[in-house]
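Engineer: Got a structure here, written out as structure tokens. Questions coming.
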Amino acid sequence: MKPDFHQFDDIPGTTIFTIEKARAGFHLNQFCMSLRSAENRERFLADQRTYLDEWEMTEEQKQAVIDRDFQKMLDTGGNVYFLSKIFASEGLSYVQAVSTMTDMTTEQYQAMMLAGGRNLEGWRSKKERGEA
Amino acid sequence: MKPDFHQFDDIPGTTIFTIEKARAGFHLNQFCMSLRSAENRERFLADQRTYLDEWEMTEEQKQAVIDRDFQKMLDTGGNVYFLSKIFASEGLSYVQAVSTMTDMTTEQYQAMMLAGGRNLEGWRSKKERGEA
Amino acid sequence: MARISAGIATSHVPAVGAAIDMGRTDEDYWKPMFDGYEFSKQWMRENTPDVAIIVYNDHASYFGMEIMPTFAMGIADSFAICDEGYGPRPVPVVEGAPELATHLAASLILDDFDMTVLNVLEVDHGLTVPMSLMFGTPDKWPTKVIPLPVNVVMYPQPSGERCLSIGKAIRRAVEQFDGDLDVQVWGTGGMSHQIQGARAGLINLPWDKQFMDDLINEPEVLQYKPHLEYMVEAGSEGVELIMWLIMRGALGEHVDEVYRFNHVPASNTSVGHLILTPKEHS
Amino acid sequence: MARISAGIATSHVPAVGAAIDMGRTDEDYWKPMFDGYEFSKQWMRENTPDVAIIVYNDHASYFGMEIMPTFAMGIADSFAICDEGYGPRPVPVVEGAPELATHLAASLILDDFDMTVLNVLEVDHGLTVPMSLMFGTPDKWPTKVIPLPVNVVMYPQPSGERCLSIGKAIRRAVEQFDGDLDVQVWGTGGMSHQIQGARAGLINLPWDKQFMDDLINEPEVLQYKPHLEYMVEAGSEGVELIMWLIMRGALGEHVDEVYRFNHVPASNTSVGHLILTPKEHS
Ligand SMILES: [Fe+3]
Ligand SMILES: [Fe+3]
């Protein structure tokens, strides 16, 4: 069956990690994997730029890491499970990191989750939202 | 389909590398894999016993390696592609190493190959050979 | 003869593991969720299997992007606990079931499932959080485990049909094993959640409950649900639920529902949990 | 539209690589064998594909026993040459075809082949010796390559049916690729050989020739040949020949035989080689 990498394009506020994105994000994600060891986490936090320069990442990817711009990291091929190694190295939780990708503060996001999470209504389709 | 690990038992002079054998030979084969680097090949040849003791192999497997008893290595879970790293580290060819598992000298084996290889007649079945 | 005695489905939220490891399960935030697993821990004490085949996905914990198998199976004697960035969870090492695993991996390959065989594997929260939920905090896990990692992270994931179908093949293979073993199959992950992008925090509890109903009653229809629907309706990470189909496939045509639990939220996730048993003579 | 223009089958004996690398191809021992590939090198100059999908097996060169995929696919930009114990072969790095490979891997997974996706891979003689035989010793390989490693070393190997079937799926997927590419599929390994045990040195040339006939004319029957028969009749390593079925499946129902060559021995092996093209309108 012919793969359809564009079937996901209409989902609002969502980046699907396809095999194509995985190729683009390969070195970014491998950098993240390196943070599974405590020694590397320390080295990374001590001097982020030097550590990042050891990886064949694009400058855009490196800057996104330094800025903790997770949306930019997703856009350039990162996957959130890989990226979690970055915020884990600083002891942040998924909720803390994930909320930065929304238009809410962490407190607002937490409150939304406690109230039952984000309601799907209005979030099914970019076309429906007038974004496409 | 239920796997049949015994269907190969009747083939004379042959050890089939099954997933079960692969489990038994795991550390032996991983030791062999380590010889893919020139540095490790040198370390191994300089002091075989010390190098082998770094691996969780059985004493029988270690002794078989030291004795270059390839049949014993096969019997204890080795696979010939892995084992090839041992004889490659000494610059030996497949023909030189493989012939040691037969009842021929390397010269006799070479001559057999040049004459068209081992004839299958008589080599199909242990039962037919009265070995089973 | 080995037999499949039950199927367990449960979310495998990392924060749940952290709450257990830090002794915070009695806090207001967590208590309602953990209370929902009390029945299951009791039931599990009375129905501890010899082997649990745990279907889960690795979350960039053991597998990097060098190599990404669709279906893999761990056949080792034991499986160490991954460091996912916070240090390894302080839980016992997971003991394998190499004889059954070897039989199973071989059976599946002979049935034309293109398995990747793992002699080495470290397991992450996807596998250990369900164990903590079902067994609590023992010094040693009471059951042996066959890890079955599935790629649900990178599109294309295996189809729903393929997942249900490998479940059925697991059932056949377990029943052909020469050995008297009680085997459970666990499907983990889900339910609705999205942990990335502006749409993060999505929860769709009505959809989750319908999914549970369909999984129990209509798996032959549910298998054709396109992955796009999971992603739209249950969030980008909701597609993990295809792993529940593998569990369901292993239980035979009809099942009894022993227990069901839903809770929102745990961290970013809608938590769902089922205990199912094969209906006799099904 | 991309299209499959030809299939190549050839043995991939490591000693053949060594003979090339050491400039010994004119020696009495080797000359008759290399002469048999002269036609093919000429044909290949006139029919160089944009991409060759090379079906081969790794010989404990890149994959250790930690992880053993049944079917894998290399989607990287390039593939380095393995050190198999004698130092890496002095051949050019192998350039990948990531766009087609990504499309292909995704298509196969969507068709329920449980592929393992490789972003990193080093290739061994199984892949490079066929390239040397078909292209000689250029400074840069004239074609891009998609490596497709198959487990043929550890029982259970994928069935003959599965191999023919993935070949057919490769054909469909190539034809659906948006891009004007000439693609070949190469099946490597075999023919009869056994390189272990007291039965080492086994050669069965009549069986090899019959296999070639059946591959060309009766692949739908040949696919059911049990692996046990390959091992008994063609030696324990003869089972590599199931990889030729993948190539054959990719060519469609009927083929034309462009070239055929057999030679005994190269090292321990019966060498066989075919060039096949899809029959028009088949
Ligand atoms: Fe998960
Ligand atoms: Fe080979």
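Engineer: Let me know the volume per residue of the alpha-carbon convex hull for region D:68-178, in Å³.
Structural biologist: Per-residue hull volume (Cα only) is 117 Å³.
Engineer: Let me ask something additional. Find the lysine pairs in region C:3-281 meeting two conditions, Cα atoms under 29 Å apart and a separation of 8 or more places or different chains, and report how many there are.
Structural biologist: Taking the Cα cut-off of 29 Å, the pair count is 17.
Engineer: Considering only C-alpha atoms, what is the centroid distance from region C:104-130 to region D:142-216, in Å?
Structural biologist: 25
Engineer: Rounded to the nearest 500, what is the 222 nm mean residue ellipticity of chain C from helices alone, with -39500 (n - 2.57) per DSSP H run of 4+ residues and division by all residues? It would help to have the intermediate numbers written out before the result.
Structural biologist: Numbers: 10 runs with 95 residues, N = 282.
The helix contribution divided over chain C gives -9500 deg cm²/dmol.
Engineer: What are the distances, in nm and sorted shortest first, from the label point of D:Gln210 to the label points of the same position in each other copy, with each label point placed 7 Å from Cα along the Cα-to-Cβ direction?
Structural biologist: So the label point of D:Gln210 gives 5.9 nm to the other copies.
Engineer: Here is a follow-up. Give me the inter-chain shielding for B:76-86: mean count of other chain Cβ atoms within 10 Å, whole number please.
Structural biologist: For peptide B:76-86, the averaged partner shielding equals 5.
Engineer: Can you work out the FRET efficiency for the pair C:Asp77 and B:Asp67, with r the C-beta to C-beta distance and R0 = 35 Å, to the nearest 0.05?
Structural biologist: Efficiency computed from Cβ-Cβ geometry: 0.80.
Engineer: Same structure, new question: Shortest first, in nm, what separates the label point of C:Tyr29 from those of the same position in the other copies (7 Å along Cα→Cβ)?
Structural biologist: Distances between equivalent label points, in nm: 7.1.
Engineer: Let me ask you something else. Quick one: order D:Asp28, A:Asp4, D:Asp111 by neighbouring beta-carbon count within 10 Å, fewest to most.
Structural biologist: D:Asp28, A:Asp4, D:Asp111
Engineer: Compute the Rg/Rh shape ratio of region B:18-91: radius of gyration over Kirkwood radius, all on alpha-carbon atoms.
Structural biologist: 0.93
Engineer: Work through the residues other than D:Leu202 whose Cβ is under 12 Å from its Cβ and net out their charges, Lys, Arg +1 and Asp, Glu -1.
Structural biologist: -1
Engineer: Net charge within 11 Å of A:Asp9 by Cβ-Cβ distance, Lys/Arg positive one each and Asp/Glu negative one each, not counting A:Asp9 itself?
Structural biologist: -1
Engineer: Using the scaling law 2.2 N^0.38 Å as the reference, what is the normalised Cα Rg of region D:5-97? Mind dumping the intermediate values first?
Structural biologist: Numbers: Rg = 15.3 Å, N = 93, 2.2 N^0.38 = 12.3 Å.
Region D:5-97 yields a ratio of 1.24.
Engineer: Taking a point 7 Å out from Cα toward Cβ as the label site, list the nm distances between A:Asp103 and the same residue in every other copy, smallest first.
Structural biologist: 8.6
Engineer: Would you please report the Å³ per residue occupied by the convex hull of the alpha carbon atoms in the protein assembly as shown?
Structural biologist: Dividing the Cα hull volume of the protein assembly as shown by its residue count gives 169 Å³.
Engineer: From zero outward in steps of 5 Å, how is the percent of C-alpha pairs of chain B spread across the bins?
Structural biologist: 2, 10, 17, 19, 18, 15, 10, 6, 3, 0
Engineer: Could you compute the net charge surrounding D:Gly252? Neighbours are other residues with a C-beta less than 9 Å from the C-beta of D:Gly252; K and R count +1, D and E count -1.
Structural biologist: For residues surrounding D:Gly252, the net value is +2.
Engineer: In nm, to one decimal, how far is the C:Val258 label point from the B:Met1 one, both placed 7 Å along Cα→Cβ?
Structural biologist: In this crude spin-label approximation the distance works out to 3.4 nm.
Engineer: I would also like to ask the following. What order do you get for B:Asp103, C:Asp124 when you list them from fewest to most C-beta neighbours inside 10 Å?
Structural biologist: Ordered from fewest to most neighbouring Cβ atoms within 10 Å, B:Asp103, C:Asp124 come out as B:Asp103, C:Asp124.
Engineer: Also, quick follow-up: Dipole size in debye (nearest 20) for region B:18-91 around its Cα centre, Lys and Arg Cβ +1, Asp and Glu Cβ -1?
Structural biologist: The calculated dipole for region B:18-91 is roughly 240 debye.
Engineer: Note the per residue figure in Å³ for the convex hull of the C-alpha positions in region D:3-281. Working shown, then result.
Structural biologist: Working: hull volume 34.1 nm³, N = 279.
So the per-residue hull volume is 122 Å³.
Engineer: Another question, then. Give me log10 I(q)/I(0) at q = 0.10, 0.11, 0.13, 0.14 Å⁻¹ for region C:123-282, Debye formula, one equal scatterer per alpha-carbon, no solvent.
Structural biologist: Listed by q, the Debye log ratios stand at -0.36, -0.44, -0.62, -0.72.
Engineer: Follow-up question, since we're still on this one. At a Förster radius of 22 Å, what calculated FRET efficiency corresponds to the Cβ-Cβ distance of A:Arg43 and C:Val93, to the nearest 0.05?
Structural biologist: Numbers: r = 28 Å, r/R0 = 1.27.
About 0.20, to the nearest 0.05.
Engineer: For A:Glu56, C:Glu84, which order do you get if you count the other beta carbons within 10 Å of each Cβ and list the fewest first?
Structural biologist: A:Glu56, C:Glu84
Every number in this text was worked out from the coordinates using simple rules, so none of it is lab data. As the structure is a prediction and not an experimental result, all values here were calculated from the model. Note that we place each Cβ from the backbone using ideal geometry, even for glycine, and neighbour counts take in every protein chain shown.
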